[in-house]
Amino acid sequence: MESSFLLPDTEDPVSAPFWEGTAVGELRVQACGECGRWRMPPRPMCPVCQSLETVWRPTSGQGHVWSYVRPHPPLLPAYAEVAPYDVAVVSLAEDPAIRFVGNLVTEASAPMNSLSEGHVAIGMEVRVVFPAPQEGVVLPRWSPA
């Protein structure tokens, strides 16, 4: 049961466009409106040119496992119920410096613990998937490509 997880503030003005994207099945990355540099996590100012101008770019949703962990209990109660499960840091295909943290699953509708142990490897190709919303929030996950 994945109903009592910690969920993000989808109305935060800096990150709201990201969550609006996930709600429609699109993985977006914030970019500087001046120099074009992509950045994640989103922030109000470009770390390169200090511009306050931002745009949001859709991505292919393709990437590679940069790192991963398979947590086991003790964890927060909601997460302990589904442990062990895979959590990956995924580098984005368009810009490997952009990395997302998320669960690895067999498919969008699969539970967090759907991949059996030993089926994840650093460098593995993955694609973003969008499960059903949890309390109105679509948390992107990753599935083997």
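Values computed for the structure shown
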item	result
Convex hull of segment 83-125 built on C-alpha atoms - directionally averaged projected area, nm²	3.2
Compactness of segment 16-144 - radius of gyration and Dmax, Cα, Å	15.5, 46
Label-point gap, in nm, between Ala97 and Ser109 - each point 7 angstrom along Cα→Cβ	4.0
Cβ charges +1 (Lys, Arg) and -1 (Asp, Glu), total dipole of the chain, debye	360
Other-chain or far-sequence residues with amide H under 5 Å of Ala93's (modelled H)	Gln62, Gly63, His64
Kirkwood hydrodynamic radius over Cα pairs of segment 48-95, then Stokes diffusion coefficient at 10 °C and 1.306 mPa s, in µm²/s	115
Contour excess over end-to-end distance, with Cα ends at Glu11 and Arg37 and 0.36 nm allotted per residue	7.0 nm
DSSP-assigned coil residues among GluC sites (Glu not before Pro) in segment 1-101, each with at most 11 further Cβ atoms within 10 Å	Glu11
Additional length obtainable on full extension of the chain from Glu117 to Glu20, 0.36 nm per residue less Cα span	31.7 nm
J(HN,Hα) series, segment 64-71, from Karplus relation 6.51 cos²θ - 1.76 cosθ + 1.60, nearest Hz, glycine and proline x	10, 5, 8, 7, 7, 8, 10, x
Residues whose placed amide H lies under 5 Å from that of Gln134, excluding near-sequence neighbours	Leu139
For the chain, with +1 on Lys and Arg beta carbons and -1 on Asp and Glu, the positive-most of Gly25, Ala80, Gln62 along the dipole	Gln62
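No value in this document is a laboratory result; all are computed from the given coordinates. All values reported here derive from a predicted model rather than from experimental measurement. Note that each Cβ is placed from the backbone with ideal geometry, even for glycine, and that neighbours are counted across all protein chains shown.
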